[in-house]
Amino acid sequence: MRKRIGTAIVATVIGLDGALAIGVPASAESTTGEPAPVVAPAPNTLGPDGYKSLLLGMSEQQAVATGLLVDRQDLGGCVAYYFAPSEGTMSRASGVLISPENGVFDIGATSLMTTAQGITRGSTVDQLRAAYPDLQQDPEMDFIHHANVPGSHVAVFDFVVDNGEVTDIHLRISGTHCGS
């Protein structure tokens, strides 16, 4: 059993309430007026709506039923889970956060996950900026960077950066935290 999810994720979730504008859905048409081709996401893609069968907004019961989550922990108005070991390793300060009011609202990445734009734990800040031109550094916590999630109108990515490298990634519903 792992120890309680650390304060870094709580600070990330609670401290960022409303820090970034809501994302804009990607266009469904190409510049030629033809529908854009639909590309299936890679099996370990985080976003735009969740990860595999775990979706933002799911109730705790629905999230647990996916079979992806283990190690339930109470965490100040919400609950937290880790991903099953088969999904990769997680930072101790990461997890999947679920509130009674909003369901799954934060999905922390594992070592095997990637965003649709190719960002993983270990990506450089330069790669991050190239993948997300709207990337913004948090004014209160300079180690956190935010970007809209392409294809979502409610989700944002939070990237934790240390020494020029992405150390953690979170997909979350903008403006939501434990108890709201």
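The values are calculated or read from the model by the stated rules, or taken from the named source; none is laboratory data. Bear in mind the structure is a predicted one, so any value in this text is a computation, not a measurement. Quick reminder, even Gly has a Cβ in these numbers, built from the backbone with ideal geometry, and neighbours come from all protein chains shown.
Among the strands (runs of 3 or more DSSP E) lying completely within the range 34-116, list those that include at least 2 residues that are free of Cβ contacts under 8 Å to residues at least 40 places away in the same chain and under 19 Å from residue 158 (Cα atoms).
Counting at least 2 such residues, we get 78-83.
I'd like to verify a number: residues in the range 47-72 that are among the basic types (Lys, Arg) and either under 17 Å from the mean Cα position of the chain (by Cα) or over 11 Å from residue 96 (Cβ atoms) (or both), how many?
1
Quick check: anything in the range 25-32 modelled with pLDDT of 95 or more and small (Gly, Ala, Ser)?
Looking through the range 25-32, none of the residues is modelled with pLDDT of 95 or more and small (Gly, Ala, Ser).
Considering only residues that are within 24 Å of residue 144 (Cα to Cα), among the small types (Gly, Ala, Ser) and crowded, with 21+ Cβ neighbours inside 10 Å, which ones fall in the range 54-90?
80 - this is the single residue of the range 54-90 that is within 24 Å of residue 144 (Cα to Cα), among the small types (Gly, Ala, Ser) and crowded, with 21+ Cβ neighbours inside 10 Å.
May I ask you to list the residues in the range 122-180 that are loosely packed, with under 15 Cβ neighbours inside 10 Å, of a type in the set (S, T, N, Q) and not in a loop (DSSP other than H, G, I, E, B)?
Once the filter is applied, which keeps residues that are loosely packed, with under 15 Cβ neighbours inside 10 Å, of a type in the set (S, T, N, Q) and not in a loop (DSSP other than H, G, I, E, B), the range 122-180 yields 124, 137.
List the number of the failed condition for residue 93; all other conditions in (1) in contact with a helix residue (DSSP H, G or I) (Cβ under 6 Å, 6 or more places away or on another chain); (2) at pLDDT below 95; (3) surrounded by 18 or more Cβ atoms within 10 Å (Cβ to Cβ) hold.
(3)
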